[in-house]
1. Quick one: which helices (runs of 4 or more DSSP H) sit completely within region 110-212 and have at least 1 residues that are modelled with pLDDT of 85 or more?
2. Looking at region 86-105, I want the residues that are under 21 Å from Q45 (Cα atoms) and have a partner that is among the acidic types (D, E) with Cβ atoms under 8 Å, at least 6 apart or on another chain. Which pairs are those?
Amino acid sequence: MGPISSTVPRRRAAPVPVSGSKPRTTTAAQSPTRSSARQLAASDQNLARQRDDLIALHMSMATRIARSFAGRGMEPEDLTQVAMLELVRVAGRFDESHGVAFAHYAYPCIVGAVKRHFRNSGWSLHVTRRMQELHLQTSRAIPDLTQLLGHTPTVPELAIHLQLSEKDTFDGLHSRFAYQTRSLNLPAGNAEEGELGELLGGLDGRLEAVPDRHALAQCVAELPARERSILYLRFVDDLTQREIAKQLGISQMHVSRLLSGSLEVLRALLSNQ
């Protein structure tokens, strides 16, 4: 019998990797990854095409919405830009799996964006949101009601149509003046009239004296008739004490005493008020 080692099959040694060589990867391992990447790329391209198609098909809708807000103090180009930007935004977020038509989803979004633009940028003066809503209601109702009645509706007619009070209707109609204000540097008319700002009145110091004059008149009314006459001749007719004395037939010294006494009484009466 020969040696046992000669009857046992020998194992082949594993190949030793050569320095610098790269490990081989199987095609089976690479195939799913490459396929998934291609599918994702194709899906992204399809979504981009669908978004572009939605935008192209509904640009006219966005334009119509922007035009419906024209004539209210803002540039039509600005309104169109706001509507288009919102169209692009909602097209990127639209999910057709929800079962809603894109137009039904996009329309209120675009209208809301234009309204927000009006609230934030369209008013030269601060106007409450309630007043802005009244303005929109009245301005939209006027064309339809004019066609229905055959004449421009009055405030009561518009109030009945909108089911609003006449005050709210009036406020909504006149709030349009807050959209645009005029610069005080604009010409007032022709070149000779100057600018609008030059027509505005300045501070009148005499207005501050009105309450004091009223209080003084009440105090003077409490004086005797002769003292009232002396005060009138002195401070209204601007006569001298000598002229007053001659007119009243009394001495100048007496006029001086009566005048001084009257002024002291007036000071006391005014200080007590």
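The values are calculated or read from the model by the stated rules, or taken from the named source; none is laboratory data. Keep in mind the model is a prediction, meaning the values are calculated, not measured. Every residue, glycine as well, gets a Cβ built from its backbone with ideal geometry; the counts of neighbours run over all protein chains shown.
1. 129-149, 155-162, 166-174
2. From region 86-105, the pairs are F102/E96.
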